[in-house]
Amino acid sequence: MKATRLRLLPWPGPNGQRAYTPDDCPDGRIARLADRVEAEQISTAEAVLSLSRGMLGTGLPIEPDECTYLMKRLSECLEDMIRVAESRGGRLPEPNPLGAESESLGGQS
């Protein structure tokens, strides 16, 4: 029996722990929802990054409250992006350690 791979979801579980779903149905309801949430997280991170660059690029001093707010939002986005990267990395096909060697031998095993 083949073990089912799990997909790390882009949101935490009820107690802040990592949440997973079986990855054997990439077109299922949860997988599609996770894809939409990931896309929204990426879009949000791009917007926050753009805004932060704008704030930092003015050369004007940033108030401590503004800096704190900015750091919190950037930290939230970074946390989301790390989770998305881990999830997507976990869904990549397993590398074939003999792949390059096998190809150079004309596909012989």
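The values are calculated or read from the model by the stated rules, or taken from the named source; none is laboratory data. Nothing here was measured: the structure is a model prediction, and the numbers come from that model. Ideal geometry is used to build each Cβ from the backbone, glycine not excepted, and the neighbour counts take in all protein chains shown. Only protein heavy atoms, including side chains, enter the accessible area calculation; ligands, DNA and RNA are left aside. Shrake-Rupley method; radii C 1.70, N 1.55, O 1.52, S 1.80 Å.
Within region 36-50, residues that are within 10 Å of Cys77 (Cα to Cα) and among the small types (Gly, Ala, Ser) sit with their Cβ atoms under 8 Å from residues that are open to solvent by less than 70 Å² (accessible area, probe 1.4 Å) and in a helix (DSSP H, G or I), at 6+ positions apart or across chains, in these pairs: Ala45/Cys77; Ala45/Asp80; Ala45/Met81.
The set of residues in region 3-27 that are farther than 15 Å from Ser87 by Cα, modelled with pLDDT of 90 or more and small (Gly, Ala, Ser) contains only Gly16.
Go through region 7-17 and give me each residue that's free of Cβ contacts under 8 Å to residues at least 60 places away in the same chain and either open to solvent by less than 40 Å² (accessible area, probe 1.4 Å) or not polar (S, T, N, Q) (or both). Answer for region 7-17, where residues must be free of Cβ contacts under 8 Å to residues at least 60 places away in the same chain and either open to solvent by less than 40 Å² (accessible area, probe 1.4 Å) or not polar (S, T, N, Q) (or both): Trp11, Pro12, Gly13, Pro14, Gly16. For Thr68, the conditions (1) farther than 30 Å from Ala31 by Cα; (2) in contact with a helix residue (DSSP H, G or I) (Cβ under 7 Å, 6 or more places away or on another chain) all hold with the exception of (2). Any idea which residue in region 51-101 is modelled with the highest pLDDT, counting only those that are closer than 18 Å to Leu6 by Cα and open to solvent by 100 Å² or more (accessible area, probe 1.4 Å)? The extreme case among them is Arg88.
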